[in-house]
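Report on the following structure.
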2 protein chains.
Amino acid sequence: MPGQKPIKVALLGCGTVGTEVVRLLTDQAPDLTARVGAPVELAGIAVRKPNKHRQVPAELLTTDVDALVESDVDVVVEVVGGIEPARTWLLKALRAGKSVVTANKALLADHSGELFEAADASGADLYFEAAVAGAIPLLRPLRESLAGDRITRVTGIVNGTTNFILSGMDSTGASYAETLEEATRLGYAEADPTADVDGFDAASKAAILASLAFHSRVTAAEVHREGIASVSAADIAAAKGLGRVVKLLAICERVDGSESGEPGAGESISVRVHPAMIPRTHPLAGVSGAFNAVFVEADAAGEMMFYGKGAGGAPTASAVLGDLVAVARNRVVSGRGPRESAYAALPVRPMGQAPTRYHISLDVADRPGVLSQVAAVFAEHDVSIAVVRQEGRVDDAGLVIVTHAATDAALRSTVDKIGGLPVVREVVSVMRVEGEE
Amino acid sequence: MPGQKPIKVALLGCGTVGTEVVRLLTDQAPDLTARVGAPVELAGIAVRKPNKHRQVPAELLTTDVDALVESDVDVVVEVVGGIEPARTWLLKALRAGKSVVTANKALLADHSGELFEAADASGADLYFEAAVAGAIPLLRPLRESLAGDRITRVTGIVNGTTNFILSGMDSTGASYAETLEEATRLGYAEADPTADVDGFDAASKAAILASLAFHSRVTAAEVHREGIASVSAADIAAAKGLGRVVKLLAICERVDGSESGEPGAGESISVRVHPAMIPRTHPLAGVSGAFNAVFVEADAAGEMMFYGKGAGGAPTASAVLGDLVAVARNRVVSGRGPRESAYAALPVRPMGQAPTRYHISLDVADRPGVLSQVAAVFAEHDVSIAVVRQEGRVDDAGLVIVTHAATDAALRSTVDKIGGLPVVREVVSVMRVEGEE
């Protein structure tokens, strides 16, 4: 091993994650050499403003990304984020036969096909464990450990900011706006929280998870996306009353043609991000604060859950380093990691045709016949009711309904029509229900 | 791909797991071909009594294991269990350059070094995800995803039978003997439950986990092992009173020389299986019944948990198939999976020198000065007390003590000496405490 040619690494970006990558590469150098079978040498760090990075060796810093990527490095590690110019840099690296390790979820969600093709053409590796759920080893289990099984569903809490806000609303009863303000003050939400609270970040991750789980290319644009801004204190309270808790979920689900009710329809997938009520007894219910967790269901393996820190410099760097060891080891033994597996090419169902269940909480007039009027609307839309709870009060009444599974479009039309019934004073809360039969 | 030479597989053993492996190989043949890049063909199944296996194709069955292993198969899958003759068969396969996938924890725990050396010499792969925690993708994350991090601790519930029994005792308050009887009746415990309840099964798994987590060879004989037969209803009740729950844990822990209190001592590891109280708020506390879960702590990644089904035909077969896809893919691309990583060669500390914490519940005479006598014994052994709770009753009293970390030997001597104090009527419960600072 001492005589082994070092594996040379270019690091693109040196923010929170990049700084930790440099630290781990330095602190653990002897261990990494032993694990890879050759020294791992940091050849250069591309940054925009070299004088702003005093915590890393100055002689490694450069602003010339192209020259660094084109140099004799073996591996390019990208922690810049965003689609361009990262895409151009990584395509150049892969085409030149350099393996790529990236934490860039937005890029992977939209351009994985193009990147994998470039990797395949040159025989390079493309690894991206850090792109989803930070430090949690999740993509390797999906891509490899479960490669002999049939995954039916992946349900994840993959965004720490929204989970922190929803956990806060659940424990204090405060409004969304108040809790977001608190999260921003504590540094759990960014000044512009759009990417998190509107579900864009989770949608990118859902696209990556669905692609791997179902051996199909799925892009972020194909993911139905609803954020948490419309989750009210009333929604949270309604969930509590039913022994449930509200989470922003990334859901990737295999739908049989038969389940969809369309005769002759083939298998397809539903990929969506939205708030949903889950039972407090579900393993995901206990995942609070900034933690992430992903619940996976497969035919043979059954139910599994992966839990850990979904963000932060050190956890994300841990995932990057794991990938770096793998691609470096592949270089040493002239091996190759798994390629893209998109042979199944399952179509993504529109949200309207996704099978979902609804919880609906209504404020209704307290007089006989209300339930029958409401129930008639459900029947008309072929939506079957699972649970009804009526609570009489002085001169009005609460009516809580949980449906069986139906298409999302049918559920939505049902809610719209019910909201227009004269006996319904207010639709207090409408939310999808997940995680129970 | 249609023109690709098939990957030929020999299956040794066709019990619960083997039957499921055959089923998955058949049902998912087109998917496996697409994922591997070549057809995966079952070339033969070695069993002792061919006429007892009517659910698999008769023409594949053979009793001649050696001939099957020596034939032109590419991969040998072993689900027989036990050390011999499995060890001899797998060594023969590996020496002939055939990759091996095995679910055999006892064999891996005792002979992984020898097996890896044979694999290395011929360039074959050795995979064994199914050997620990059944379907939960755990070994691949430890071996690969966390290869760039420094794992400090692995704490697992890795035996479903004992977890089922302890969960039962916790929810009913019944004795160990009663609950074991119930578990046997329901099929959760075998007629001879020794391997499970005495911790042998968990110790094999702990050895495998410690080897991977700490890049060191650890055998089952080096694992300190205590089973659950001595866990009493009083222990369970004492845990409940303190907001804790009793679990049989497999603990693999890195111990710094400095933590051990011995100046100049280098890094070592503690690997042990014993019942312990953990806080009900710990992620492992909610893992009940026959489920398994493994909690992993690493320097950069922080805390992670992997949860799922630890046993059963289909879950175990899922893990076997994932490995089979990996080794078959490696054949197709002339790649290699990760080899043994035992470079760190950390020594295993004797149990007496492992840092542990104790919970001690005493029945004492209700008179002044008792606590001071008891506390003096702790001081004498250099054991620091974290919590004391005294409960006076009519003419006797309960005294509950939780210690800070000390060596297990010091704690044990302390308990022995306290048991002999005239003011102590009975040592009601003694148990180690894990999972809290």
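Structure data summary
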{"item": "Subset of the range A:100-115 [of a type in the set (A, V, I, L, M, F, W, C), more than 14 Å from every other protein chain (Cβ to nearest Cβ) and within 22 Å of A:Val271 (Cβ to Cβ)]", "result": "A:Ala106, A:Leu107, A:Leu108, A:Ala109, A:Leu115"}
{"item": "Filtered residues of the range B:124-178 (kept if part of a strand (DSSP E or B) and either at the interface with chain A (Cβ under 8 Å from one of its Cβ atoms) or of a type in the set (Gly, Ala, Ser) (or both))", "result": "B:Gly156"}
{"item": "Residue that is assigned to a strand (DSSP E or B), farther than 18 Å from B:Ala207 by Cα and more than 14 Å from chain A (Cβ to nearest Cβ), where the choices are B:Ala43, B:Ala121, B:Ala67", "result": "B:Ala43"}
{"item": "Residues satisfying the stated conditions in the range A:180-222, i.e. β-branched (Val, Ile, Thr) and touching a residue at least 60 places away in the same chain (Cβ under 8 Å)", "result": "A:Ile208, A:Val218, A:Thr219"}
{"item": "Residue identified as modelled with pLDDT of 95 or more, assigned to a loop (DSSP other than H, G, I, E, B) and closer than 21 Å to A:Asn104 by Cβ among A:Val77, A:Val73", "result": "A:Val73"}
{"item": "Subset of the range B:305-322 (residues that are more than 7 Å from chain A (Cβ to nearest Cβ), surrounded by fewer than 24 Cβ atoms within 10 Å (Cβ to Cβ) and not in a helix (DSSP H, G or I))", "result": "B:Ala311, B:Gly312"}
{"item": "Every residue from the range A:332-371 that is within 30 Å of B:Arg329 (Cα to Cα) and either among the polar types (S, T, N, Q) or in a strand (DSSP E or B) (or both)", "result": "A:Ser334, A:Ser341, A:Val348"}
{"item": "Residue list for the range A:271-301, filter: in contact with a Ser or Thr (Cβ under 8 Å, 6 or more places away or on another chain) and either outside any strand (DSSP E or B) or at positive phi (or both)", "result": "A:Leu284, A:Ser288, A:Gly289, A:Ala290, A:Asp299, A:Ala300, A:Ala301"}
{"item": "B:Glu20, sole failed condition from (1) of a type in the set (Asp, Glu); (2) surrounded by fewer than 21 Cβ atoms within 10 Å (Cβ to Cβ); (3) within 30 Å of A:Ala345 (Cα to Cα)", "result": "(2)"}
{"item": "Looking only at the range B:409-437, and only at residues there that are in contact with a Pro (Cβ under 8 Å, 6 or more places away or on another chain) and on the phi < 0 side of the Ramachandran plot, the one that is surrounded by the most Cβ atoms within 10 Å (Cβ to Cβ)", "result": "B:Met431"}
{"item": "Residue satisfying condition, being without any contact (Cβ under 8 Å) to a residue 24 or more places away in the chain, of a type in the set (A, V, I, L, M) and closer than 18 Å to B:Gly322 by Cβ, within set B:Ala29, B:Ala38, B:Ala67, B:Ala103", "result": "B:Ala29"}
{"item": "Test: residue in the range B:316-326 that is of a type outside the set (D, E, K, R) and free of Cβ contacts under 8 Å to residues at least 12 places away in the same chain", "result": "no"}
{"item": "Residues of the range A:285-304 classified as under 14 Å from the mean Cα position of the chain (by Cα) and either hydrophobic (A, V, I, L, M, F, W, C) or more than 30 Å from A:Thr407 (Cα to Cα) (or both), total", "result": "6"}
{"item": "Subset of the range A:285-294 [surrounded by fewer than 23 Cβ atoms within 10 Å (Cβ to Cβ) and closer than 24 Å to A:Ser230 by Cβ]", "result": "A:Ala285, A:Ser288, A:Gly289, A:Ala290"}
{"item": "Residue within the range B:120-142 that is without any contact (Cβ under 8 Å) to a residue 40 or more places away in the chain, surrounded by fewer than 21 Cβ atoms within 10 Å (Cβ to Cβ) and more than 18 Å from B:Ala345 (Cα to Cα) present", "result": "yes"}
{"item": "Candidates B:Gly335, B:Gly302 - the one that is without any contact (Cβ under 8 Å) to a residue 12 or more places away in the chain, within 9 Å of another protein chain (Cβ to nearest Cβ) and over 29 Å from B:Ala29 (Cα atoms)", "result": "B:Gly302"}
{"item": "Sole residue being among the polar types (S, T, N, Q) and more than 14 Å from every other protein chain (Cβ to nearest Cβ), chosen from A:Ser216, A:Ser288, A:Ser268", "result": "A:Ser268"}
{"item": "The range A:19-37, residues that are away from chain B (no Cβ under 11 Å) and closer than 18 Å to A:Ser71 by Cβ", "result": "A:Val22"}
{"item": "Members of the range B:212-244 found to be surrounded by 24 or more Cβ atoms within 10 Å (Cβ to Cβ) and either basic (Lys, Arg) or not in a loop (DSSP other than H, G, I, E, B) (or both), listed by number", "result": "B:Leu212, B:Ala213, B:Phe214, B:Ile236, B:Ala239, B:Arg244"}
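So that you can scan it fast, the table gives a plain yes or no per residue for (1) over 25 Å from A:Ala135 (Cα atoms); (2) not in a strand (DSSP E or B):
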| residue | (1), (2) |
| --- | --- |
| A:Glu182 | yes, yes |
| A:Asp192 | no, yes |
| A:Ala202 | no, yes |
| A:Ala207 | no, yes |
| A:Ala250 | no, no |
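The values are calculated or read from the model by the stated rules, or taken from the named source; none is laboratory data. Keep in mind that what you see is a predicted model, and the values were worked out from it rather than measured. Positions of Cβ are generated from backbone atoms using ideal geometry, with glycine treated the same way; all protein chains shown enter the neighbour counts.
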